[in-house]
Amino acid sequence: MASEGKYNIKAVSKLLGIQAGTLRAWERRYAIVQPKRNEAGHRLYTDEQIYILKWLINKVNKGFTISQAVDLAQSGELYKEPALSQSDAEDQASRLSEEILNALLTFQEKKAQDLLSQAFSMYTIEKVVIDILGSLLVKIGHLWEEKKITVAHEHYASSYIRVKIGQILHSFSVDPYLPRVMAFCGPGEQHELGLLIFTLYLRRRGFEVIYLGQNIPERDLEEVIMQAGPKFVFVSCTIEQYVHKTMNWLLSLEKKFPESVFGAGGSALHMMDDELKTDFLHMIVGSTRQDWDEWIESNMRKS
């Protein structure tokens, strides 16, 4: 597992459903998890440490004291338990997603929160945000479009999920030496999942991201860019009929705000003819993490 510290104590507390004070006490008394510290002295937990903490919490929930759980872990039991198969893990994630959806559509917020806490105890932040919460946003949208749920149900469930995703995104530590970033959906765009995945990637890298989502008027977006002064501005477009409008709008923004670097992603960009892409190639960030890394590093060097 990766040894790089990624999660601050606030993120771990939310992820595992455990008080930050308890984490500090376990660190002090048992020393089984010793997070690294950044330059500001803040704790940063690794993926492996998250795994250990999940294992300990699971044992405590089954009736062990924390000292007994630590003894079991140190005696070699920690990595002996068989992991779920990929299919079993996917089945459980699918089941949790369906149960969270049902809870939200029946306005049972406490039940939804309990199920979400269960998901965080089982899976990584990426999986919960992308495969559970993100996919739920898409599914809720489809249910509304098919008139299987009311506008009230759609607003309540979508609002809950967006708030949870926002809390997760803002729980990551921000690197003060990295430039500010803004992210939003292009004109007419209704699908946020791809942009959420990209925003999660940026937050994990330490960028401060101003996430605006969808349905923001173009004039308002220009005003926010002027006020916030982001170094990078990323726009998502997945609907083919809007791709030319979006990209031409970005070209106009590029001229208005020469201090900002504009990037675009989304499935609609892949549907454009190569000839039409010529003017926009410098803006297309790609679709894989390697593409994103290369695009950002290239444009960081230019700044």
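The values are calculated or read from the model by the stated rules, or taken from the named source; none is laboratory data. Everything numeric here is computed off the predicted structure, so don't read it as measured data. Every residue, glycine among them, receives a Cβ derived from its backbone with ideal geometry; neighbour counts consider all protein chains shown.
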* Tally, over region 222-254, of residues that are surrounded by 15 or more Cβ atoms within 10 Å (Cβ to Cβ) and in a loop (DSSP other than H, G, I, E, B) -> 5
* Asked: Failed condition for L104, given (1) surrounded by 19 or more Cβ atoms within 10 Å (Cβ to Cβ); (2) modelled with pLDDT under 80, with all others met?
  -> (2)
* Asked: Is there a residue being under 29 Å from S287 (Cβ atoms) and assigned to a helix (DSSP H, G or I) anywhere in region 172-184?
  -> no
* **Within region 174-202, considering residues that are of a type in the set (D, E, K, R) and modelled with pLDDT under 90, the one surrounded by the fewest Cβ atoms within 10 Å (Cβ to Cβ)** => D175
* Out of all the residues in region 7-44, which are small (G, A, S) and either outside any helix (DSSP H, G or I) or crowded, with 19+ Cβ neighbours inside 10 Å (or both)? -> A11, G17, A31, A40, G41
